[in-house]
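Colleague: Got a structure here, written out as structure tokens. Questions coming.
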Amino acid sequence: MDQKTGISFFETLMQDIRYGARTLRKSPGFTFVAVLTLALGIGANTAIFSVINAVLLRPLPFKDPDRLVQLWETEAAPGNFPLTGPDYLDWQEQNRTLESSALFSWPRSFNASGTGEAQPVSGINTQANFFTVLGVAPAMGRGFASGEDHEGKNNVVVISHGFWKKFFGGRPDVLGKTIALNSVEHVVVGVMPDWFNYPANTQIWTPLDMAQKALGPRGSHGYRAIARVKADSSIEAARADLLTISRRLEKQYDNDKIEAVVVPLKEQITGSSRPQLLVLLIAVAAVLLVACVNVANLLLARSTRRQREIALRAVLGASRKRVVRQLLTESVLLSLMGAALGLTGAWWAVIVIRSSNTLPIPRVNSVELDLTVLAFTVLVSMVVGILFGLAPALQASGADLGEELKASAQAVVSPLGWQRLLRDGLVIVEIAASLALLAGAGLLLRSFSKMRNSDVGVQSQNVMTMSIMLPAQKYATVASRRGFIDSYLERIQHLPGVQAAAITTEIPLEGGNNGYVTVDGDTDPAHANQLVENISITPDYFRAFGIPFLHGETFSAADMEHTNEINLKLSELYKQNPDLKKLPPELYFVAIINRAMAKTFWPNQDAVGKIFKLNSGTLPVRVLGVVGDTSVFGIQKSPFPQAYYPVTAALDSAPFGGSVVVKTSGAPASAVQPLRSNLAALDSTLATFQPRAMEAVIAEATQSTGVQTYLLGSFAGLALLLAAVGLYSVLAYLVTQRTREIGIRLALGAQHSHVLRLVMGHGSKLTAAGVVLGVAGALALTRFMNSLLFGVTAKDPVTFACVVAMLALVALAACYIPARRAMRVEPMVALRDE
């Protein structure tokens, strides 16, 4: 294209834009409806794409993120498990493919004090090179220095930007300040950037004691690790390298079935959210499709009224290509205006997403309307403008010039041509897309309802929980820890309105402390791979949660004391001989087990009085009773074997963290302040963590499905509304086209019921075709939702029947209004107008 041709092209393009703008300004009603419809579709797509861009598309905000991996181990049971300290140290020393690696703990609760009342803080312990492995430097100060991850040198802390603002008020002189964490003074050496959020929701980082003795024995799986693969190696090579090392250790230390697992860090962080986000992306794409179809139908109707204008332009010398370009320019203008308005809505949605702490999406990258998202929006709007404008432009530019010029201004084209088929086809697509979305939303709604009404094994009404942490420095002995628990429990048991109170190491739905057991004479190989959840409790735990007793009896004061004595003796024996394989016969624990454990190990038997063994078969445990099952790892998981021990079984190590549970006669929230004040009366340096009603704990377990249901339901409702408007507009246009025909029919004696059947029949055929196509689309969509469903299948007939019935009712309502208008046509008026 030469310079002259290029100038001519841009001149005519500007002419088309100016003419298109004037044309749209002359039809404000049409322009408003079209722009608003497109804004809803484009805005929803932009908001969801901004999340997908942050979570799935953008690289992690670390140095060379593709070389970062997370390390796990396998066990006898299926799945990936945390690392043991000794295994990690061997991997670190023997590997040939990792540039560096860092061990870190699971989230820990800290009592932070030093500026007034103690505050709850969530933190992790890390190897000194943790930030170096990630390739992230603090915004202020420094990270941990080499050697600071050993006892005596590890009283330093790096804090998050949010914690700096909250605890220190954003003071610029924070470096060098001290803060008491679990009663131990720590010096602030660094403040992380405000975007840094790894691991998620961490407020402080403290050095982990990397001495082999401090990391615990081989077989105690309690740590996570990240690593950076060497630049001249690969993740596959690192996987093979560590697998070889772990298999060598398996033989050397009898590490039964313990092998290394290497997962790319990006996959580890975002993998679980991928299915949910892709379902939402499909949903908003369907909404945009419906919006485009609606606008295309509006343009088809409008182009019919403009055919005389188009014919005149053609007679005056405009080519068909020129006319098509003019009409496409108008449609792209509409789309860009819709995109501008949609971006405003998307900007607001992103603010809500960023400020919400309840949305179940990874937060390593911040969600924002960056250049990628803006480019996506512009591209979508351009493509959308061309797509919905192409058919009307081709229709308008292909009219017969002679016929159009002979026709009166009020004449309309025949309703029997391809234009009518196109309009009908577009409506069918709208209905189909709406039904597919409604089916997906309906399945999630049924899943959410079943999850909320699912029996988690506890009576959640009027139950309050909160956590406490007894720091090792202040509560260094078993006697001090037990003394505090006994004193606190005595206080809260006598609070007004408290019916039962207990202290436990875990609450339902939030488990994670498990191990293997053995039963003498058990030859079932599956039981060797069966984990059992271990929970330590005080006697009123079952009464506080309303967990039913099935057989046997609960713990007595004597059982608590017996377990305490045995625990102290065991500690002394293992100090003298860490590899002790045989214990004196008088040393045994007592436990209460759940029904799932009884059925697993003693099917069709009374489990009370039975014996199982802990610590690789060295410590016998006698079963005192059997209770009902409670959910351990979430509502969607099957009942899991559980063993409950007296809380004194968990007091042999420090720090001790536990949850307080109270059953109240009134609103559970009324117990929070008395629980806090009685805790402060015993020790003002202790904070309360996560005070929540048990109903809130259950709600948190269903939060992901609830959010997904709300979003998909909103998109489905929007699509249904647009589809109903589209069906109405087609039938209303049909009535307008056939007014003369209807008038003649009525003049010749046709009944109003015949006219009603004429219009309603046409709408019903479109609806039926859309339902058939929509059911096929819904079955394809819901295949991606299996992992999100609970208690229903992706082909649930009840859901599909309800969705089809609802869509049919809405469609018939949309058909009835034009049908009523057709019934009211006056024959003489219709003929006179023609």
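Colleague: Which members of region 65-82 meet the condition of being open to solvent by 20 Å² or more (accessible area, probe 1.4 Å), part of a strand (DSSP E or B) and closer than 13 Å to PRO264 by Cβ?
Modeller: Answer for region 65-82, where residues must be open to solvent by 20 Å² or more (accessible area, probe 1.4 Å), part of a strand (DSSP E or B) and closer than 13 Å to PRO264 by Cβ: just TRP72.
Colleague: Also, quick follow-up: Could you tell me which residue of region 125-168 is farthest from GLN70 (Cα to Cα), considering only residues that are in contact with a strand residue (DSSP E or B) (Cβ under 9 Å, 6 or more places away or on another chain) and of a type in the set (D, E, K, R)?
Modeller: LYS166
Colleague: Any idea which of GLY666, GLY634, GLY628 is touching a helix residue (DSSP H, G or I) at 6+ places or on another chain (Cβ under 7 Å), surrounded by fewer than 17 Cβ atoms within 10 Å (Cβ to Cβ) and over 24 Å from ALA479 (Cα atoms)?
Modeller: After ruling out the rest, the residue left standing is GLY634.
Colleague: Let me ask something additional. From the list GLY521, GLY512, exactly one residue is out of contact with any Ser or Thr (no Cβ under 7 Å at 6 or more places or on another chain), surrounded by fewer than 17 Cβ atoms within 10 Å (Cβ to Cβ), closer than 15 Å to GLY658 by Cβ and not charged (D, E, K, R). Which is it?
Modeller: Only one candidate passes the filter, namely GLY512.
Colleague: Sort out which residues of region 160-171 are of a type in the set (Gly, Ala, Ser) and part of a loop (DSSP other than H, G, I, E, B), and write them in order of number.
Modeller: Within region 160-171, SER160, GLY169, GLY170 qualify.
Colleague: Taking region 443-495 only, how many residues are in a loop (DSSP other than H, G, I, E, B), small (Gly, Ala, Ser) and open to solvent by less than 20 Å² (accessible area, probe 1.4 Å)?
Modeller: Final tally of qualifying residues: 1.
Colleague: Limited to region 561-607, what total is found for residues that are more than 17 Å from THR538 (Cα to Cα), buried (at least 20 other Cβ atoms within 10 Å of the Cβ) and of a type in the set (Ser, Thr, Tyr)?
Modeller: 1
Colleague: Any idea how many residues of region 670-704 are open to solvent by 30 Å² or more (accessible area, probe 1.4 Å) and assigned to a helix (DSSP H, G or I)?
Modeller: Of the residues in region 670-704, 15 are open to solvent by 30 Å² or more (accessible area, probe 1.4 Å) and assigned to a helix (DSSP H, G or I).
Colleague: When you scan region 135-147, do you find a residue that is modelled with pLDDT under 95, closer than 25 Å to PHE62 by Cβ, in a loop (DSSP other than H, G, I, E, B) and among the hydroxyl-bearing types (Ser, Thr, Tyr), even just one?
Modeller: So far as region 135-147 goes, yes, one or more of its residues are modelled with pLDDT under 95, closer than 25 Å to PHE62 by Cβ, in a loop (DSSP other than H, G, I, E, B) and among the hydroxyl-bearing types (Ser, Thr, Tyr).
Colleague: Please verify whether ASN534 is without any contact (Cβ under 8 Å) to a residue 40 or more places away in the chain, of a type in the set (S, T, N, Q) and within 21 Å of PRO639 (Cβ to Cβ), treating the condition exactly as stated. Write out each step before concluding.
Modeller: Numbers: without any contact (Cβ under 8 Å) to a residue 40 or more places away in the chain: no; of a type in the set (S, T, N, Q): yes; within 21 Å of PRO639 (Cβ to Cβ): yes.
So ASN534 does not fit the description; no.
Colleague: Considering only residues of region 88-124 that are of a type in the set (Phe, Trp, Tyr) and within 18 Å of ILE159 (Cα to Cα), which is modelled with the highest pLDDT?
Modeller: Checking each candidate, the answer is PHE104.
Colleague: Please work out if TYR710 is open to solvent by 40 Å² or more (accessible area, probe 1.4 Å) and free of Cβ contacts under 8 Å to residues at least 60 places away in the same chain.
Modeller: Criteria met by TYR710.
Colleague: From the residues in region 362-385 that are surrounded by fewer than 21 Cβ atoms within 10 Å (Cβ to Cβ) and small (Gly, Ala, Ser), which one is nearest to PHE62 (Cα to Cα)?
Modeller: SER366
Colleague: SER355 fails exactly one of the following numbered conditions: (1) open to solvent by 60 Å² or more (accessible area, probe 1.4 Å); (2) within 25 Å of the chain's Cα centre (by Cα); (3) modelled with pLDDT of 85 or more. What is the number of that condition?
Modeller: Checking SER355 against (1) open to solvent by 60 Å² or more (accessible area, probe 1.4 Å); (2) within 25 Å of the chain's Cα centre (by Cα); (3) modelled with pLDDT of 85 or more, the one that fails is (3).
Colleague: Restrict the check to region 467-485 and report whether at least one residue is closer than 30 Å to ALA769 by Cα, over 26 Å from the mean Cα position of the chain (by Cα) and aliphatic (A, V, I, L, M).
Modeller: no
Colleague: Go through (1) charged (D, E, K, R); (2) open to solvent by less than 60 Å² (accessible area, probe 1.4 Å); (3) assigned to a strand (DSSP E or B); (4) in contact with a Lys or Arg (Cβ under 9 Å, 6 or more places away or on another chain) and name the single condition GLU533 misses.
Modeller: (4)
Colleague: Do we find that ALA719 is open to solvent by less than 10 Å² (accessible area, probe 1.4 Å) and under 30 Å from PHE49 (Cβ atoms) in this structure?
Modeller: Yes, satisfied.
Colleague: Something else about it: Among (1) in contact with a Lys or Arg (Cβ under 8 Å, 6 or more places away or on another chain); (2) under 26 Å from ILE468 (Cβ atoms); (3) not charged (D, E, K, R), there is one condition PHE163 misses while meeting the rest; what is its number?
Modeller: (1)
Colleague: Shifting gears a bit: Identify, from the list PRO199, PRO207, the residue that is within 29 Å of the chain's Cα centre (by Cα), surrounded by 15 or more Cβ atoms within 10 Å (Cβ to Cβ) and closer than 18 Å to GLY143 by Cα.
Modeller: Step by step, each of PRO199, PRO207 is checked, and only PRO199 is within 29 Å of the chain's Cα centre (by Cα), surrounded by 15 or more Cβ atoms within 10 Å (Cβ to Cβ) and closer than 18 Å to GLY143 by Cα.
Colleague: If you don't mind, there's one more thing I want to ask. Scan (1) open to solvent by 40 Å² or more (accessible area, probe 1.4 Å); (2) in contact with a His (Cβ under 9 Å, 6 or more places away or on another chain); (3) outside any loop (DSSP other than H, G, I, E, B) for the single condition VAL157 breaks and write down its number.
Modeller: (1)
Colleague: Can you run down the residue pairs with Cβ atoms below 7 Å, 6 or more apart or on separate chains, where the first is in region 466-482 and farther than 11 Å from THR685 by Cβ and the partner is open to solvent by 70 Å² or more (accessible area, probe 1.4 Å) and assigned to a loop (DSSP other than H, G, I, E, B)?
Modeller: From region 466-482, the pairs are VAL478/ASP652.
Colleague: Being out of contact with any Pro (no Cβ under 7 Å at 6 or more places or on another chain) and within 17 Å of HIS161 (Cβ to Cβ) is the filter here, so list the residues in region 117-129 that pass it.
Modeller: GLN119, VAL121, GLY123
Colleague: Find all pairs meeting these conditions: Cβ atoms under 8 angstrom apart; at least six residues apart or on different chains; first residue within region 250-276 and within 28 Å of PRO86 (Cβ to Cβ) and open to solvent by 30 Å² or more (accessible area, probe 1.4 Å); second residue basic (Lys, Arg) and outside any helix (DSSP H, G or I).
Modeller: Close Cβ pairs (under 8 Å, with a partner that is basic (Lys, Arg) and outside any helix (DSSP H, G or I)) amount to GLU250/LYS257; TYR253/ARG218.
Colleague: Being open to solvent by 40 Å² or more (accessible area, probe 1.4 Å) and closer than 30 Å to TYR253 by Cα is the requirement here; does GLU93 meet it?
Modeller: yes
Colleague: On to the next question. Does SER220 count as at pLDDT below 95 and part of a helix (DSSP H, G or I)?
Modeller: no
Colleague: Within region 271-281, can one find any residue that is closer than 30 Å to VAL517 by Cα and out of contact with any helix residue (DSSP H, G or I) (no Cβ under 9 Å at 6 or more places or on another chain)?
Modeller: no
Colleague: Follow-up question, since we're still on this one. Considering only strands (runs of 3 or more DSSP E) fully contained in region 83-126, which possess at least 3 residues that are farther than 15 Å from ASN182 by Cβ and touching a helix residue (DSSP H, G or I) at 6+ places or on another chain (Cβ under 9 Å)?
Modeller: Output list reads 98-104.
Colleague: Kindly indicate the residue of region 283-305 that is surrounded by fewer than 19 Cβ atoms within 10 Å (Cβ to Cβ) and over 14 Å from GLY389 (Cα atoms) and also modelled with the lowest pLDDT among those meeting that condition.
Modeller: Checked region 283-305; the qualifying residue modelled with the lowest pLDDT is ARG305.
Colleague: Can you tell me which residue is farthest from the chain's Cα centre (by Cα) among those in region 186-195 that are open to solvent by 10 Å² or more (accessible area, probe 1.4 Å) and touching a residue at least 40 places away in the same chain (Cβ under 8 Å)? Step through it out loud before you land on a result.
Modeller: Keep residues of region 186-195 that are open to solvent by 10 Å² or more (accessible area, probe 1.4 Å), which gives 186-187, 189, 193-195.
Filter once more, so that each one left must be touching a residue at least 40 places away in the same chain (Cβ under 8 Å): 189, 193-195.
Numbers: VAL189: 34, PRO193: 25, ASP194: 23, TRP195: 20 Å.
If we take residues in region 186-195 being open to solvent by 10 Å² or more (accessible area, probe 1.4 Å) and touching a residue at least 40 places away in the same chain (Cβ under 8 Å), then VAL189 is farthest from the chain's Cα centre (by Cα).
The values are calculated or read from the model by the stated rules, or taken from the named source; none is laboratory data. It should be emphasised that the depicted structure is a prediction, and the values quoted were computed from it without experimental measurement. Note: ideal-geometry Cβ built from the backbone for every residue, glycine included; neighbour counts use all protein chains shown. These area figures cover heavy atoms from the full protein model, side chains too; ligands, DNA and RNA do not enter into them. Shrake-Rupley method; radii C 1.70, N 1.55, O 1.52, S 1.80 Å.
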